[in-house]
Amino acid sequence: MNENTETILLGLESSCDDTAAAILRATPGAAPEILASIVKGQTDLHAAFGGVVPEIAARAHAEKLDLCVEEALTTANLTLADLDAVAVTAGPGLIGGVLSGVMVAKGLSAGLGIPLIGVNHLAGHALTPRLTDQVAFPYLMLLVSGGHCQFLIARGPEDFSRLGGTIDDAPGEAFDKTARLLGLPQPGGPSVQSEAAKGDAKRFRFPRPLLDRPGCDMSFSGLKTALLRARDALVAEKGGLTEQDRADLCAGFQAAVVDVLSEKTRRALDIYLTEIPTEPLLAVAGGVAANTAIRARLETDCGERGVTFTAPPLALCTDNAAMIAYAGLERFAKGAKDDMTLAARPRWPLDQTAPALLGSGKKGAKA
């Protein structure tokens, strides 16, 4: 990459159930500009199954990726000949979907004679604050999504230290499962948040897992089980759930998630602040970062510590290709690129030195 010239980069994302393509323009001395960001969801395809079906997701990606690229080019008023490089999610994620994206990217790279850049999906989320707000390293990142939840100190585009993460379900999975248990539509996060706004968070006191243990690791599987038991007790007592019962269950569940994330964030901040960053900052990204209750609590926690809080626009919280394009740009700017041996990876931890976290989510291992 020539630091003195404009770069047009295509990003592709297909790690779970969103097919996405985006075009990013990088101009020396200016903030990167998102020229197009196209996301095609698959909610309707998976609605009858209560979750993402990998085979259905992979087929949908294969059918939609080229259409997303075409729409992105049209939106940006560009052609394939204008592209300088293509970046693609190479993992972690559902392997069929990841493979679909990698193969399309390889085809474009070979056909156009442009560089190919493999991107870690988690790095896409973790670097989003640099795309949206041009934040400086090092910053603390809470990546909280449907398949992942972890605290990272971001020191460089490919330099991340994991402070802790979930040892079982990620919060997004717990929200989805809660929605299914209560008969709410998917995705579960928005549904549960909407119901919680009408409920009494004090009626049901759910557990706050792992708060009695030191460190930044989290657990949300037991919280979901506690909600199941509370629901079953109400059904046994009344023969069913009232609308208020459901709202109160959602409110109690969400309050527990917020409390866990808040306390673990405080502990992560304690560690991060020992590095004495000149402009301390906590960034939150991933689909669950769209939850307003979580955002509000974390922003308050940061304010009490004199730490800047930032979260991307809602459209960049969930999976998208603009973040992949930007993560690819960061690698490309340092001269990194891949060849046709680039492999799709179901697991790909950002911090290669940290011990593996237990369990796996709908996007792959808790990396």
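The values are calculated or read from the model by the stated rules, or taken from the named source; none is laboratory data. Quick caveat: nothing in here was measured; it's all calculated off a predicted structure. Cβ placement follows ideal geometry from the backbone for every residue including glycine, while neighbour counts extend to all protein chains displayed. Accessible surface areas use protein heavy atoms only, side chains included; no ligands, DNA or RNA. Shrake-Rupley method; radii C 1.70, N 1.55, O 1.52, S 1.80 Å.
Past the 34 angstrom mark, what percentage of all C-alpha to C-alpha distances in the chain do you count? Percent of Cα pairs beyond 34 Å in the chain: 26.
A full extension of the chain between ARG305 and GLU63 corresponds to an added length of 82.3 nm, given 0.36 nm per residue minus the alpha carbon distance.
Could you work out the Rg to Rh ratio of segment 246-305, with Rh taken as the Kirkwood radius (inverse of the mean 1/r over all Cα pairs)?
Taking Rg over the Kirkwood Rh, I get 1.04.
Surface composition of the chain: carbon plus sulfur atoms hold 52% of the accessible area, using a 1.4 angstrom probe and ignoring ligands, DNA and RNA. Shown in residue order for segment 321-337 are the 3J(HN,Hα) couplings computed by the Karplus curve 6.51 cos²θ - 1.76 cosθ + 1.60 at θ = phi - 60°: 8, 5, 5, 5, 4, 5, 4, x, 4, 4, 5, 4, 5, 9, x, 7, 7 Hz (x for Gly and Pro).
Among ALA293, ASN77, PHE137, flag the residue with its Cα farthest along the positive direction of the charge dipole of the chain, charges on Cβ as +1 for Lys/Arg and -1 for Asp/Glu. Ranked along the dipole, the leading option is ALA293. Charging the Cβ of each Asp and Glu at -1 and of each Lys and Arg at +1, and nothing else, the dipole of the chain about its Cα centre rounds to 960 debye. Only Lys, Arg, Asp and Glu carry charge here, each on its Cβ (+1 for the first two, -1 for the last two); on that basis segment 1-49 has a dipole of about 60 debye about its Cα centre. Around the amide H of ASP217, modelled in the peptide plane, lie the amide H atoms of GLY165, all under 5 Å away and 5 or more residues distant in sequence or on another chain.
Considering only MET340, PRO157, GLY113, the residue lying farthest towards the positive end of the dipole of the chain is PRO157, judged by Cα position with unit charges set on Cβ. Kirkwood radius and radius of gyration were both taken over the C-alpha atoms of segment 171-323, and their ratio Rg/Rh is 1.01. Here segment 247-277 is scanned for amide nitrogen atoms under 15 Å from the site 7 Å beyond the Cα of ARG155 along Cα-to-Cβ, giving 271-277. Only helices enter this figure: runs of n ≥ 4 DSSP H residues, each worth -39500 (n - 2.57), summed and divided by the residues of the chain, yield -13500 deg cm²/dmol at 222 nm to the nearest 500. Pairwise Cα distances in segment 1-89 exceed 21 Å for 38 percent of all pairs. Among GLY146, GLY252, ILE271, whose Cα projects farthest towards the positive end of the dipole of the chain, with charges put on the beta-carbon of Lys, Arg (+1) and Asp, Glu (-1)? The residue sitting most towards the positive pole is GLY252. Full extension of the segment from LEU211 to ILE271, taken as 0.36 nm per residue of separation minus the current Cα-Cα distance, would add 19.9 nm. Dividing the mean sequence gap of close Cα pairs (under 8 Å, 6+ apart) by how many residues the chain holds gives a relative contact order of 24 percent.
In the context of the full set of protein chains, segment 1-137 has a per residue accessible area of 40 Å² (1.4 Å probe). Remark: segment 21-147 carries a charge dipole of roughly 240 debye about the Cα centre, counting +1 on each Lys and Arg Cβ and -1 on each Asp and Glu Cβ. When the Cα atoms of segment 88-215 are aligned to their principal axes, the ranges along those axes come out at 61, 35, 27 Å in descending order. Return, ordered by residue number, the residues of segment 224-252 whose backbone nitrogen is under 13 Å from a label point located 7 Å along Cα→Cβ of LYS198. Once the point is set 7 Å along Cα→Cβ of LYS198, 242-251 turn out to lie under 13 Å by backbone N, inside segment 224-252. Could you list the residues of segment 6-37 with an amide nitrogen less than 20 Å from a label point located 7 Å from the Cα of THR278 in the Cα-to-C-beta direction? Residues 29-31 qualify, since their backbone N sits under 20 Å from the label point.
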